[in-house]
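The values are calculated or read from the model by the stated rules, or taken from the named source; none is laboratory data. Predicted, not measured: the structure shown is a model, and the values here were computed from it. So basically every Cβ, Gly included, is an ideal-geometry build from the backbone, and we count neighbours across all protein chains shown. When the accessible area is computed, the model is the full protein with side chains, heavy atoms only, and any ligands, DNA or RNA have been set aside. Shrake-Rupley method; radii C 1.70, N 1.55, O 1.52, S 1.80 Å.
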Amino acid sequence: MAPKGKVVIKTEWCKGCELCIAACKSGVLGLSNELNEKGVRYASPLFPENCTGCTLCAISCPEIVIEVFKETA
């Protein structure tokens, strides 16, 4: 069984730099069509079912607004 994870993003602090999107090899993340309080399209888990919990998105985030939780079956 493939590992699973859950991505949680503090969207109000996201600057929309897209570094996490580029880092995600599973294609989980993308930019939201909505704007946060800063007027920025923020990163969002568009395909959360693909998350493996690798944490590459969190590691690549310069604002440290991403948390990844490993899920157990």
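Between TRP13 and PHE69, what FRET efficiency follows from the Cβ-Cβ distance if R0 is 25 Å, with the result rounded to 0.05?
Taking R0 as 25 Å, the efficiency between TRP13 and PHE69 is 0.85.
Enumerate the calculated ³J(HN,Hα) couplings along region 29-41 in order (Karplus 6.51 cos²θ - 1.76 cosθ + 1.60, θ = phi - 60°), each rounded to whole Hz, writing x wherever the residue is Gly or Pro.
So the Karplus estimates, Gly and Pro as x, are 9, x, 8, 5, 7, 8, 10, 8, 4, 8, x, 10, 6 Hz.
Would you check the accessible area of ILE21, probe 1.4 Å, heavy atoms only, in square angstrom rounded to 10?
Approximately 40 Å² for this residue.
Give the calculated FRET efficiency between ASN36 and ALA2 to the nearest 0.05, with a Förster radius of 35 Å applied to their Cβ-Cβ distance.
After rounding to 0.05, the efficiency reads 0.65.
With every protein chain left in place, what is the accessible area per residue of the chain in square angstrom, probe 1.4 Å?
Result: 65 Å² of accessible area for each residue.
Check the chain and count each lysine pair with an alpha-carbon distance under 15 angstrom, considering only pairs eight or more places apart or from different chains.
Step by step, the pairs that qualify in the chain add up to 6.
Specify which residue in the list CYS54, VAL7, GLY27 is farthest towards the positive end of the charge dipole of the chain, using unit charges on the beta carbon of Lys, Arg (+1) and Asp, Glu (-1), about the Cα centre.
Of the candidates, CYS54 comes out farthest on the positive side.
Are there cysteines in the chain with no second cysteine's Cβ under 4.7 Å away, and if so, which?
When partners are defined as cysteine Cβ atoms under 4.7 Å apart, the chain leaves CYS14, CYS17, CYS24, CYS51, CYS54, CYS61 without one.
First compute the accessible area of region 1-60 with a 1.4 Å probe, then give the percent of it belonging to carbon and sulfur atoms.
Ligands and nucleic acids excluded, carbon and sulfur give 58 percent.
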